[in-house]
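Worksheet: the structure to be examined is printed underneath.
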Amino acid sequence: MPAQRTRIKDLLSAESSGDVTGPVNVKGWVKTVRSSGGVAFVQINDGSTLADLQIVVDANCPDYSLVNGLTTGCSISADGVLQDSLGRGQKYEIAAASLELLGSADPEEYPLQKKRHTLEFLRELAHLRPRTNTFGAVARVRNAMAFGIHKFFQERGFLYIQTPIITASDAEGAGAMFRATTLDLNNLPQAGGQVDNDADFFGRPAFLTVSGQLEAEIFAQSMSDVYTFGPTFRAENSNTSRHLAEFWMVEPEVAFCDLDGLAQLAEDFLRSIFAHVLENCPEDMAFFNRFYDQELIQTLEDIANADFERMTYTEAVAALQASGESFEYPVQWGADLQSEHERYLTERKVGRPVIVTDYPSSIKAFYMRLSDDGQTVRAMDVLVPRIGEIIGGSQREERLDILQRRMVEAGLDDAPYWWYLDLRRYGTAPHAGFGLGFERTVQFATGMQNIRDIIAFPRTPRNAEF
Ligand code: 4AD
Ligand code: MG
């Protein structure tokens with residue numbers, strides 16, 4: 001009866017090799033094979049941890065003859081005993097008692113050879129790149145951060161809700177939605193000279209959601225403290241290192257909360273998830289610190305321990321104008337902050353995360369609460385070094401008449417939003433919420449340059465492979 005597979009992570013985390021008694025079975029994909037003096041050293045990885053496990057196969061192993069056929073990328077199974085390694089570079093190794101080749105990988109064809117590949121090249125190989133150190137580490141950090149996010153909210157009594165992916169309403173009112181349709185685009189049904197939307201699957205136009213916020217607000221207006229964590233979609237033609245057409249967003253929504261309470265929640269939340277990843281992914285974080293950003297761990301530790309800066313949009317504009325920098329986009333009150341401005345504020349002006357509040361109403365979404373000055377809304381963006389905006393949120397407009405006026409100004413047809421307006425008719429209450437871009441957060445935590453390397457299968461303009 002062959003032993004059950006043991007994960008490499010569990011073997012390597014043993015206090016001493018003697019704690020792992022008897023033969024164990026390991027399985028994984030070969031990274032490298034090296035032979036010397038009739039002994040083969042096979043490094044395998046199973047994804048459970050950054051470190052590879054060395055398997056030592058000598059002539060005493062009845063399957064020694066298999067060693068010649070082992071090449072980078074093939075999958076194997078090995079039984080043996082964990083022992084202290086005499087070689088450098090690893091603490092333990094497996095002395096193989098038996099070996100099995102599960103799947104070969106033709107060395108003439110296997111694209112992931114031992115040498116380092118560029119991240120751009122690996123993007124074309126999204127089906128194989130999780131086998132590399134970098135993408136294995138990204139996958140584990142992403143996993144840990146998702147868990148840390150749920151942990152943060154669950155420990156504070158927030159209810160995790162799932163909001164729809166297909167929707168008829170534009171949560172941001174920005175018109176950057178992908179249409180979801182079953183109509184035959186080569187033969188569109190017509191009615192009165194226009195496309196007959198009545199013939200579509202839902203009997204009306206439907207889209208992929210840009211945000212779960214509006215539905216989260218429904219639940220906040222009954223359950224008080226809720227959050228969503230799901231995929232969102234934006235048909236913006238933005239080809240940058242921080243934009244995806246499909247990305248995941250974490251959206252807490254809190255009743256009886258104003259902007260100050262929300263900003264405090266955002267700060268506590270970010271500090272908690274960075275502390276969580278430092279604590280739970282020490283090897284992977286050391287890897288990113290070594291190969292991608294030598295200040296990474298220090299930066300995250302600082303953030304986990306220091307207060308965020310707060311400033312209003314008006315103060316931010318004044319600071320930018322006084323900076324003496326020559327920005328590509330002009331800075332003037334009323335214009336949206338560009339990424340170069342955001343980065344100046346967080347990287348140069350204060351050197352840590354900044355929460356900018358109270359933006360002009362004209363550049364923000366219709367649902368944000370109008371302030372008494374009639375000019376600004378109770379919005380906030382959380383800006384972090386290297387990334388810029390990582391969180392966008394606001395106190396919501398809970399007053400029916402003002403909300404309706406804002407929708408008219410934004411040119412929105414209020415019919416699809418009837419239920420959203422009803423929430424302001426029946427027991428309306430102050431409430432606030434934000435959206436955290438999950439990939440931007442993992443990008444920040446890993447020091448990776450491009451958001452396309454944070455999500456397994458990035459969707460960007462003209463790219464939906466895999
Ligand atoms: O600022 P945004 O557009 O806010 C909302 O969608 C609100 N409805 C959230 C809320 O209040 N519940 O987006 C929130 C965050 C941004 O700060 C950014 O981190 C991320 O989502 N984000 C993107 N991430 C990757 N690719 C894109 N195209 C993104 N657009 C926004
Ligand atoms: Mg935003």
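Summary of values
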read-out	value
Test: T163 is in a loop (DSSP other than H, G, I, E, B), open to solvent by 80 Å² or more (accessible area, probe 1.4 Å) and modelled with pLDDT of 95 or more	no
Residue list for region 371-391, restricted to those being under 18 Å from Q449 (Cβ atoms), open to solvent by less than 40 Å² (accessible area, probe 1.4 Å) and of a type in the set (D, E)	none
Residue match in region 446-457 (condition: assigned by TED's automatic domain parsing to the domain that holds D170, away from ligand 2 (no atom under 16 Å from the Cβ), open to solvent by 10 Å² or more (accessible area, probe 1.4 Å) and of a type in the set (S, T, Y))	no
Candidate set: region 398-410, residues that are in contact (Cβ under 8 Å) with a residue 12 or more places away in the chain and open to solvent by 30 Å² or more (accessible area, probe 1.4 Å); chosen: the one nearest to ligand 1 (Cβ to nearest atom)	A410
Failed item in (1) part of a loop (DSSP other than H, G, I, E, B); (2) within 16 Å of ligand 2 (Cβ to nearest atom), with S241 passing the rest	(2)
Condition broken by E279, with the remaining ones in (1) part of a helix (DSSP H, G or I); (2) crowded, with 17+ Cβ neighbours inside 10 Å satisfied	(2)
Residues satisfying the stated conditions in region 313-336, i.e. of a type in the set (A, V, I, L, M, F, W, C) and under 18 Å from G374 (Cα atoms)	W333, A335
Among the residues listed as G136, G148, G80, G157, the single one being in a strand (DSSP E or B) and either open to solvent by 20 Å² or more (accessible area, probe 1.4 Å) or of a type in the set (G, A, S) (or both)	G80
Total residues in region 217-236, condition open to solvent by less than 10 Å² (accessible area, probe 1.4 Å) and away from ligand 2 (no atom under 16 Å from the Cβ)	5
Filtered residues of region 98-112 (kept if more than 34 Å from the chain's Cα centre (by Cα), open to solvent by 60 Å² or more (accessible area, probe 1.4 Å) and within 20 Å of A3 (Cα to Cα))	E100, L101
Any hit, region 410-422, residues being modelled with pLDDT of 95 or more, under 19 Å from A266 (Cβ atoms), away from ligand 2 (no atom under 13 Å from the Cβ) and not in a loop (DSSP other than H, G, I, E, B)	no
Among (1) more than 30 Å from R440 (Cα to Cα); (2) in contact (Cβ under 8 Å) with a residue 12 or more places away in the chain; (3) in a helix (DSSP H, G or I), the one test that T428 misses	(3)
Checking R440 against (1) open to solvent by 20 Å² or more (accessible area, probe 1.4 Å); (2) away from ligand 2 (no atom under 16 Å from the Cβ); (3) part of a helix (DSSP H, G or I), the condition it does not meet	(2)
Criterion (modelled with pLDDT of 95 or more and part of a helix (DSSP H, G or I)) met by exactly one of D284, D293	D284
Single residue of R88, R116, R129 found to be of a type in the set (K, R) and more than 27 Å from M448 (Cα to Cα)	R88
Any hit, region 317-336, residues being out of contact with any Lys or Arg (no Cβ under 7 Å at 6 or more places or on another chain) and within 16 Å of ligand 1 (Cβ to nearest atom)	yes
Some residue of region 34-47 being open to solvent by 20 Å² or more (accessible area, probe 1.4 Å), assigned to a loop (DSSP other than H, G, I, E, B), touching a helix residue (DSSP H, G or I) at 6+ places or on another chain (Cβ under 8 Å) and modelled with pLDDT of 95 or more	yes
Those residues of region 282-327 which are farther than 20 Å from P353 by Cβ and among the basic types (K, R), in sequence order	R290
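The values are calculated or read from the model by the stated rules, or taken from the named source; none is laboratory data. What you see is a predicted model; the values in this text were computed from it and never measured. Ideal geometry is used to build each Cβ from the backbone, glycine not excepted, and the neighbour counts take in all protein chains shown. We work out accessible area using only protein heavy atoms, side chains counted, and drop any ligands, DNA or RNA first. Shrake-Rupley method; radii C 1.70, N 1.55, O 1.52, S 1.80 Å.
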